[in-house]
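Before we start, here is the structure in question, set down as structure tokens.
The values are calculated or read from the model by the stated rules, or taken from the named source; none is laboratory data. Small disclaimer: the values here were computed from a predicted structure and weren't measured. In this analysis, Cβ positions are derived from the backbone assuming ideal geometry, glycine residues included, and neighbour counts consider all displayed protein chains.
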Amino acid sequence: MNASGFGSKVVLDLTGITYRQLDYWARTRLVGASIRQAAGSGSRRVYSFEDLVALRVIARLLDAGVSLQAVRRAVEYLKRHTERPLATLGLIAKGKRVFALTEDPTKMIEATAQGQVVIAIDVEPIVKNLQADVTQLSATREIDVRARGRGYRAVLTPDLEAGGYTIEVPELPGCITEADAVSEAKRMAREAIEAWLDVAAPQTVRGRAHAR
């Protein structure tokens, strides 16, 4: 999956967990931001796609009734005893026990302690669903903007790392702005267009004067 990285806001949208969970799991080293850790006020964590898979798998285990302590023991065990990333593993949760399937279908790795009901969690569909969600979330979109009596086409490109959108008006070279949400994109685009026109108009007048 090709992506430069994912900021916290996008991670929350894609995994369905809360910011409190994300922050706590990062601070306690359950799942951290493997591309870039936060380093002081104003800095951002940047997560990889594999981090997204791990977060969604952990959320699924918690939903299945596995305690956070058991999940933590399982993740720590798997980090120590298998070179395969969580994105490639099949897991089975049985109460307080978590098993990881191996290449040999007759063998499993037991990662935690004892429990009761067996629930199988196939990680591959989680990966595929996340890939589809990322593709949809990163797709550009277009909006129509009217400024000073005429219409323009603005292109919105999501910023998956910082959040929000970069807005470009192809008809006006260099007319670029940003918005935190789609709801404010039209206003920001209109303001950028009007600013671009204000700068371009005097230059056009000077160009015509020189031509004469």
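So Ala74 fits all but one of (1) surrounded by 19 or more Cβ atoms within 10 Å (Cβ to Cβ); (2) at pLDDT below 90; (3) under 19 Å from the mean Cα position of the chain (by Cα); what number is the exception?
Failed condition: (3).
Can you work out which of the residues in segment 49-70 that are free of Cβ contacts under 8 Å to residues at least 60 places away in the same chain and within 15 Å of the chain's Cα centre (by Cα) is nearest to Leu91 (Cα to Cα)?
Residues of segment 49-70 free of Cβ contacts under 8 Å to residues at least 60 places away in the same chain: 50-51, 54-55, 58-59, 62-70.
So of that shortlist, the ones also within 15 Å of the chain's Cα centre (by Cα) come out as 50-51, 54-55.
Numbers: Glu50: 16, Asp51: 16, Ala54: 12, Leu55: 14 Å.
Selected residue: Ala54.
Now for a separate question. Restricting the search to segment 8-56, which residues are among the polar types (S, T, N, Q), touching a Lys or Arg at 6+ places or on another chain (Cβ under 9 Å) and under 17 Å from Glu161 (Cβ atoms)? Lay out the reasoning, then the answer.
Looking only at segment 8-56, we keep the residues that are among the polar types (S, T, N, Q), and these are 8, 15, 18, 21, 28, 34, 37, 41, 43, 48.
The next check asks that each one be touching a Lys or Arg at 6+ places or on another chain (Cβ under 9 Å); those that pass are 8, 15, 28, 37, 43.
Selection gives Ser8, Thr15, Gln37, Ser43.
If you go through segment 15-27 one residue at a time, how many are free of Cβ contacts under 8 Å to residues at least 24 places away in the same chain and either in a loop (DSSP other than H, G, I, E, B) or loosely packed, with under 12 Cβ neighbours inside 10 Å (or both)?
Summing the residues that are free of Cβ contacts under 8 Å to residues at least 24 places away in the same chain and either in a loop (DSSP other than H, G, I, E, B) or loosely packed, with under 12 Cβ neighbours inside 10 Å (or both) in segment 15-27 gives 4.
Taking Ser48 as the residue in question, decide whether it is of a type outside the set (A, V, I, L, M), assigned by TED's automatic domain parsing to the domain that holds Gln131 and either more than 22 Å from Gly5 (Cα to Cα) or modelled with pLDDT under 85 (or both).
no
Kindly list, by first and then second residue, each pair from a residue in segment 141-164 that is modelled with pLDDT of 95 or more to a residue that is charged (D, E, K, R) and assigned to a loop (DSSP other than H, G, I, E, B), limited to pairs with Cβ atoms under 9 Å and residues at least 6 apart or on different chains.
Tyr152/Glu171; Arg153/Glu171
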